[in-house]
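Take a look at the structure set out below.
What follows draws every value from the coordinates through simple rules; no lab data is involved. Note that the structure is predicted; figures quoted are calculated from it, not measured. Heads up, the Cβs are rebuilt from the backbone with ideal geometry, glycines too, and the neighbour counts pull from every protein chain shown.
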Amino acid sequence: MPDRCRREEAVRIGVMLRTFDERGGVAVYSRNLLDTLLAIDRRNEYEVFYRTAKHRGLFSACPNVTEHVVRACGKAHWDQVAIPRVCRRRRVDVLLHPKFTVPLLSAVPSVMVVHGADWFLPEGATFYTPLDRMYMRLFLPLYLRKAAAVISVSQLTTEDFVRIFPYCRDKIATVYFGPAPHFRRETDPERIAEVRRKYGLPERYILTLQKLDGDTRKNLRGILAAWRLLHGRIDQKLVVGGLGCERFREDYAIPGDGWGSSILFPGYLDQADLPAIYTASDLFLYPSNLEAFPIPITEAMRCGVPIVTSRINGLAEIAGDAAVLVDPGNPVEIADAVCRVLEEPELRQQLAARGLERARLFSWESCARRTLEILERVGRGQSRGAPVGQQT
């Protein structure tokens, strides 16, 4: 009887995972959230939906997971037609999408995650095309109204959405996440030496992370302008990590001599290697122009690295007192902050200690537990039980 009661109380949770086909922050968020949900939740049943077959089997060891490959001719068709169809067939109680869309015509209550309100902010015009902004301004209000609950990754994002869309006040909640569990200060010198050799990293360097399609948002232009000012003032080299970022040398006309000779582009940095890369750096430089929840800030804090970042939007919220905050539009201020951190050992120690302490606020376990509470609350009112069948 107890087993039967537990089974009756279970919620059938559907998870839209087309983000697994992407590289970037939302893909990392999706994977870490699901990994942690499945680690802490053995009671509920999960129906996970991929767009491509290459992911099937990722969760084959989890007895409460059924994996599906859902075919569709495009993202909109996948979200709005294919997913509602399989949810109806599998009698899903609640549907989670780690990104910002939900099926508009589905009877299944949905929960979506918003990673910023950039499309509706004045500064968003700098980072998004008019077509992107028009699409989001048209459809995101529809998704917000349809969703039974909305998860926001930062308090700044929550406040932006409540200000712009007051009707979502009672359905939106801030749920911080954090770095993957393997992010911690690397204490093995051999491991650090191995990673140095793998990526050709110098003995002393400042680290920044970029995206090939996000260099404007992440302020590479401002970083390069500050680096020109730093030339001759410091001994460190600048390591710009990110898939395809070596193209920036040509795109930004970075010279091979002078100030440009001390800039390295090692390419994509594997997640497994990043803790050692952070630990070996003298400073993490991340003066982005616009981010709601800058996950690299939490990674650097967990690794005990001093940080220089922006005093605006989610960067200041997440970094708190564990970083030197600068105006991202002021290269002189960025350069002076870098010099200050490098030249003041006591400040470096303070920032590292504050970062390790502040990093306690951001964890995947707390994120998963709060997300699970929301999913269970939304799913409780739905009919439970589902047909037994083969994986689709």
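Could you give me the ³J(HN,Hα) list for segment 53-63, computed from phi with Karplus coefficients 6.51, -1.76, 1.60 and θ = phi - 60°, whole Hz, x at Gly and Pro?
Couplings: 6, 5, 8, 4, x, 4, 10, 5, 7, 9, x Hz.
Using the reciprocal of the averaged 1/r over all distinct C-alpha pairs, how large is the Kirkwood radius of the chain in Å?
That comes to 22.4 Å for the chain.
What does the charge dipole of the chain about its Cα centre add up to, to the nearest 20 debye, if the Cβ of each Lys and Arg holds +1 and the Cβ of each Asp and Glu holds -1?
For this selection, approximately 1780 debye.
Using +1 at the C-beta of Lys and Arg and -1 at the C-beta of Asp and Glu, which of Pro98, Val15, His182 has the Cα lying farthest in the positive direction of the dipole of the chain?
Of the options given, the answer is Val15.
So how much slack lies between Glu250 and Glu9, counting 0.36 nm per residue of separation and subtracting their Cα-Cα distance, in nm?
80.9 nm
Alpha carbon centre of segment 47-61 versus segment 221-257: separation in Å?
Between the Cα centres of segment 47-61 and segment 221-257 lies a distance of 39 Å.
I want to verify a result. In a Gaussian network model of the chain, Cα cutoff 10 Å, which of these has the top mean-square fluctuation: Phe127, Phe139, Phe49?
Between Phe127, Phe139, Phe49, it is Phe139 that shows the largest mean-square fluctuation.
Using the Cα centre of the chain as origin and beta-carbon charges of +1 (Lys, Arg) and -1 (Asp, Glu), tell me which of Phe49, Leu342, Ala226 is placed farthest towards the positive end of the dipole.
Phe49
Rounded to the nearest 20 Debye, what is the dipole magnitude of segment 189-361 about its Cα centre when Lys and Arg each give +1 and Asp and Glu each give -1 at the C-beta?
For segment 189-361, the charge dipole is close to 120 debye.
Once fully extended, how much extra length lies between Glu203 and Arg369, figured as 0.36 nm per residue of separation less the alpha-carbon to alpha-carbon distance?
Here the answer is 55.7 nm.
Give the distance, in whole Å, between the Cα centre of segment 72-109 and the Cα centre of segment 140-219.
25 Å
Please enumerate, by chain and number, the lysines with C-alpha under 28 Å from the C-alpha of Lys211, excluding those fewer than 8 residues away in the same chain.
Hits, sequence-local ones excluded: Lys54, Lys75, Lys99, Lys198, Lys237.
Treat every Asp and Glu Cβ in segment 1-154 as -1 and every Lys and Arg Cβ as +1, leave all other atoms uncharged, and give the resulting dipole magnitude about the Cα centre to the nearest 20 debye.
That gives segment 1-154 a dipole magnitude of about 520 debye.
Build a GNM of the chain with springs between Cα atoms under 10 Å: which of Glu45, Glu250, Glu376 gets the top mean-square fluctuation?
Glu250
Multiplying the sequence separation of Thr52 and Leu138 by 0.36 nm and subtracting their Cα-Cα distance, what value in nm do you get?
28.1 nm
How would you classify segment 189-361 from its alpha-carbon gyration tensor, with a ≥ b ≥ c the square roots of the eigenvalues: rounded for a/c under 1.5, else prolate if a/b is greater than b/c, otherwise oblate?
rounded
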